[in-house]
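This report concerns only the one structure given below.
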Amino acid sequence: MSVHRVFTPSCPGTGGHSEFIVFNYPDRAELANANWIEFDEPFKLKKDVNYTYEIKTGSYPKYIHNHTLKTSGEEITFLEFVDANGKVHHDWIPAIKLE
């Protein structure tokens, strides 16, 4: 999957956006980062590789109440989400759209 942009839909009435996002390889080395959703250079996410990402939003993002997200021909599995307060969630993740 080639990624050059990320979009974070916000909850109704919050009018927010993605401020910052960083993707890391399994060893925590940085793969790519962006401010205001656009990456300087597109990057590829490879199948069967566990990546981590950190996202900072300007509001409350919409959430997906699922552990998997099907994309165009791919499936992304989420293990956990840690919110800004340090609380770990296994039953929902922030919604993001990778383009």
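Bear in mind that the values in this text are calculations on the coordinates, not laboratory data. On a predicted model such as this, the values are computed, not experimentally measured, just so you know. Quick reminder, even Gly has a Cβ in these numbers, built from the backbone with ideal geometry, and neighbours come from all protein chains shown.
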* **For S2, S72, order by how many other beta-carbon atoms lie within 10 Å, fewest first** => S72, S2
* Residue exposure sequence - K47, K62 - by fewest surrounding Cβ within 10 Å -> K47, K62
* Asked: If Lys and Arg each add +1 and Asp and Glu each add -1, what is the summed charge of the other residues whose beta carbon sits under 15 Å from the beta carbon of F20?
  -> -3
* Asked: Is the shape of segment 17-99 best called rounded, prolate or oblate, per the rule: a/c under 1.5 gives rounded, else a/b larger than b/c gives prolate, else oblate, with a ≥ b ≥ c the square roots of the Cα gyration tensor eigenvalues?
  -> rounded
* To do: Within the set of other residues whose C-beta is less than 14 Å from the C-beta of G86, count the net charge using Lys and Arg as +1 and Asp and Glu as -1.
  => -2
* **Per-residue HN-Hα couplings for segment 67-78 [Karplus 6.51, -1.76, 1.60; θ = phi - 60°; Hz; x = Gly/Pro]** => 9, 10, 9, 8, 10, 5, x, 10, 9, 9, 10, 10
